[in-house]
Structures are given as C-alpha cells and as structure tokens.
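Take a look at the structure below.
The values are calculated or read from the model by the stated rules, or taken from the named source; none is laboratory data. Note that the coordinates shown come from a computational prediction; the quantities given were computed from them, not determined experimentally. So basically every Cβ, Gly included, is an ideal-geometry build from the backbone, and we count neighbours across all protein chains shown.
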Amino acid sequence: MSEVFQSAPKSGAAAKDTGRILVFDTTLRDGEQAPGFSMNPHEKVEVAQVLADLGVDVIEAGFAAASPGDEDSLRRVAGEIDGPIICSLARASEGDIGAAARALAPGARRRIHIFLATSPIHRTAKLKMSQAEVKATAIRAVAHARALVEDVEFSAEDAIRTEPDFLAEVLQAAFDAGASTLNVPDTVGYSTPGEIGRLFADLRQAVDRPAAVFSCHCHDDLGMAVANSLAAVQAGARQIEGAINGIGERAGNCALEEIVMALRTRGDVYGVTTAIDTTKLLRASRLVARATGQAVPRNKAIVGLNAFAHEAGIHQHGVMADPSTYEIMRPRDVGFEGSHLVLGKHSGRHALAERAEVLGFALRGNQLAVAFAAFKIRADRIGLIDDGELITILSQVASRIDPNPVREFVHAPIP
C-alpha cells in the first residue's frame with residue numbers, strides 16, 4: 001500500500017495512514033433518487049443526523065441542481081449537521097456547481113462532487129463529446145468548483161467501461177485541476193472483483209496524485225457491489241461509497257452496513273479500519289427503511305431480522321453452547337440485543353426447553369418429550385410458534401393426566 005495516503009491532509013478527509021478507510025454515504029443522494037425512495041427535507045435531516053452519529057466521514061446529502069427541494073434539503077443538512085463533510089453532487093457545469101456551492105454555504109465542512117461520463121458509449125450516445133472535449137470539460141469544472149470550496153471530488157462516470165489509458169488521463173487532469181478525491185465508479189454494476197482490483201492497482205501506478213484519495217462507487221446490478229468494493233480496497237482505494245440497506249439506482253449500491261462489517265470481521269484479510277460505530281448500524285437501517293417506506297428483507301445481511309435468528313435444531317444447540325459456532329459476528333456489535341432462537345418445525349428440544357424455562361415452565365419427566373412432540377405437530381401446521389402458541393401448548397401438557405396428550409394436537413383444528 002502506497003505511502004502517499006499517509007501524508008494526505010486531514011482537511012480533505014483523507015486518511016492519515018494506509019489502514020484507515022473513509023466512508024462516503026450516499027443514502028440521501030443515490031439512494032434517495034431511486035424510484036419509490038424519496039424523502040422529504042425533515043426526513044433527510046433526520047437520516048443525516050443518524051449517519052453523523054454512525055460516524056460516516058462524508059454525507060452526500062443530495063444533488064442541489066436536481067430540484068429546489070433538493071437544494072433546500074442540502075442547505076438544511078449543511079447547516080444543522082455537525083461532524084461529517086457534507087457533499088452535493090454536480091454535473092460538470094457552472095450552473096450545477098453554483099447550486100451546490102449555495103446549498104452547502106451554511107456548512108463548516110463542504111465538498112462538491114463533480115461527475116462526468118468518460119466511457120465510449122456515454123461520450124457518443126449521451127454527451128456527443130470527443131475524448132479531448134471530455135477532458136477539457138472536466139478540467140474547467142473542477143477548477144471552477146475548487147475556486148468555491150476547498151474539497152472537490154471528481155467521478156469518471158462509467159469508469160469501468162472507459163478505455164484504461166483515457167481514464168487515467170482524465171483522472172490525472174482532474175487531480176491537477178484541484179480534485180483531492182478521485183472516484184472510479186462502476187456506474188452500471190458491470191465489473192467483477194478481479195477486474196476492478198486490477199484497474200485500481202493500475203490507476204494508482206498510472207496517476208501521479210500525491211495526497212489524493214482513490215474512491216470506489218459500485219452498483220449491484222450483478223450482485224457484486226460489496227465484493228467489488230472490497231477488491232478495490234485491497235488494491236488501494238481509501239474511500240468506499242455506499243448506502244444504508246444498499247438502496248440506490250436500479251439494483252442499488254454497495255450496502256454500507258455489509259462492507260463495514262466485512263472489513264471489521266475479516267480484518268485479518270483487509271487490514272484496515274473505519275470510524276463507524278457499528279453498534280448503530282441497525283438503528284440507521286431501521287430509520288432509512290421507515291423514511292423510504294421500504295422494508296428490509298428478513299434475510300438481509302447484517303441488519304435483516306434473520307441475520308442472527310436460528311430455527312434449525314442443530315444450529316440452535318450450537319448457539320446455545322457457544323454463539324461462535326454459527327455466528328461470525330456478535331449481534332450487539334451491529335445493534336441487535338442478542339441472538340434470536342426462532343421456534344419452528346426445524347427447531348430442536350434444547351431450544352424448546354430453554355424457551356419454556358424462560359416462560360416459566362420447568363418441564364419434568366416425560367413432559368419435555370410430550371411437549372416437543374406436540375410442538376412439532378403444531379409447527380408443521382402453522383409455521384413459526386410464537387410465545388402465545390407455545391404457552392398454550394405448555395399449559396396443556398403441564399396439566400395433562402392423559403399419558404398420550406399429543407392426540408389433542410394431532411386432531412386440533414387450525415385456527
């Protein structure tokens with residue numbers, strides 16, 4: 001890992017050493033602009049405060065030129081949130097850059113994030129520009145933004161599908177014009193871990209950028225946003241861009257909670273740290289879900305309801321003996337109170353006996369066997385057994401004189 005990051009200035013949010021990864025959160029910009037995920041200004045400020053409490057380094061709070069509402073939200077976040085750098089996205093135009101500067105004016109730490117497409121398909125179909133025109137536009141835009149704020153980030157949109165030599169040339173020009181963060185986005189989620197790792201390694205050699213930070217921004221179209229971001233980190237990226245719950249355009253962004261916990265849990269592989277207080281990840285996830293009206297899937301990594309839930313008897317027995325048998329992270333490290341043993345048809349008698357004791361039923365003699373048989377029959381019929389259902393079963397078993405009380409559960413109607 002290069003020593004250039006060791007001397008990066010703190011004012012530009014650059015890491016002080018090669019082991020520190022900056023976390024750039026785009027929940028309020030890329031995440032919020034996805035169809036169906038819009039937030040009002042109050043919700044944006046509320047989410048921004050949670051992100052600040054979480055410890056993110058940069059909050060991309062919106063796209064000032066997108067609408068008056070977005071500019072207003074940015075202005076409120078910049079004026080009310082302390083700690084992180086507050087950032088606005090901007091196209092490579094004076095109008096966008098001016099709107100971003102106005103919106104960020106109340107903030108103490110401000111960043112303008114300029115993006116400009118560089119790939120052949122974008123140059124031809126969208127921009128109608130030559131390579132020379134793209135490069136010149138990038139230089140003008142970065143220089144203009146740098147005259148307004150000290151902290152400028154440049155993104156080469158669709159970098160992964162850009163000619164490597166031209167990509168390096170544009171990034172070099174942007175750095176020379178004043179950009180202190182060089183973002184290499186996989187805008188359409190096209191890359192693979194091996195490919196993006198090689199690209200970052202090559203760019204770090206090709207671009208002469210003392211004190212600049214390379215950043216990755218990966219989309220999840222092929223389900224590899226987190227894996228690609230981790231590969232970029234291994235190849236020298238020192239800023240990762242993501243969103244809470246992985247929300248964002250199309251299939252979404254790199255899920256911030258997933259990559260942060262991957263870096264933490266597999267520190268033996270990555271050897272880097274972040275400033276994130278991981279115990280607040282669940283809180284951030286739940287707030288974003290509420291603000292966007294989009295529920296978190298039960299099987300979502302890190303923050304889903306099933307992330308630390310166990311139904312299978314073998315798993316439950318192992319977790320009861322030692323949680324590390326089936327949990328590579330502690331639930332409390334991400335904000336859960338503890339593991340959750342789900343009682344269903346796959347559960348074993350160890351879990352049933354433990355839950356029965358918690359509910360005040362000390363099963364003796366053959367009562368456990370009878371209760372377990374009755375429990376299995378009921379679980380086959382209705383799925384998960386909550387405490388109310390379990391209390392009904394245990395109460396009937398505990399009061400039975402009939403030596404074969406299971407018959408009642410076999411023939412009981414399904415409510």
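Side notes on the structure shown:
- Annotation for region 118-125: at least one member residue is farther than 22 Å from Ala251 by Cα and either small (Gly, Ala, Ser) or not assigned by TED's automatic domain parsing to the domain that holds Met261 (or both).
- Scanning region 274-282 for any residue that is farther than 22 Å from Val45 by Cα and small (Gly, Ala, Ser) turns up nothing.
- Test: residue in region 165-187 that is surrounded by fewer than 18 Cβ atoms within 10 Å (Cβ to Cβ) and under 28 Å from the mean Cα position of the chain (by Cα): no
- Test: residue in region 390-407 that is among the small types (Gly, Ala, Ser), at pLDDT 75 or above and crowded, with 19+ Cβ neighbours inside 10 Å: no
- Looking only at residues in region 254-300 that are acidic (Asp, Glu) and touching a helix residue (DSSP H, G or I) at 6+ places or on another chain (Cβ under 8 Å), the one that is surrounded by the fewest Cβ atoms within 10 Å (Cβ to Cβ) is Asp277.
- Tally of residues being at pLDDT below 60 and of a type in the set (A, V, I, L, M) across region 297-319: 3
- Remark: pairs (first residue in region 181-197, assigned by TED's automatic domain parsing to the domain that holds Pro164; second residue surrounded by fewer than 20 Cβ atoms within 10 Å (Cβ to Cβ) and among the basic types (Lys, Arg); Cβ separation under 8 Å; 6+ apart in sequence or on different chains) = Val188/Arg161; Gly189/Arg250; Tyr190/Arg161.
- Residues of region 168-199 classified as touching a strand residue (DSSP E or B) at 6+ places or on another chain (Cβ under 6 Å) and farther than 21 Å from Val58 by Cβ, total: 2
- Scanning region 145-164 for residues that are surrounded by 22 or more Cβ atoms within 10 Å (Cβ to Cβ) and closer than 15 Å to Glu94 by Cα yields Ala145, Val152, Phe154.
- A single member of Asp57, Asp72 is within 20 Å of the chain's Cα centre (by Cα) and surrounded by fewer than 24 Cβ atoms within 10 Å (Cβ to Cβ), and it is Asp57.
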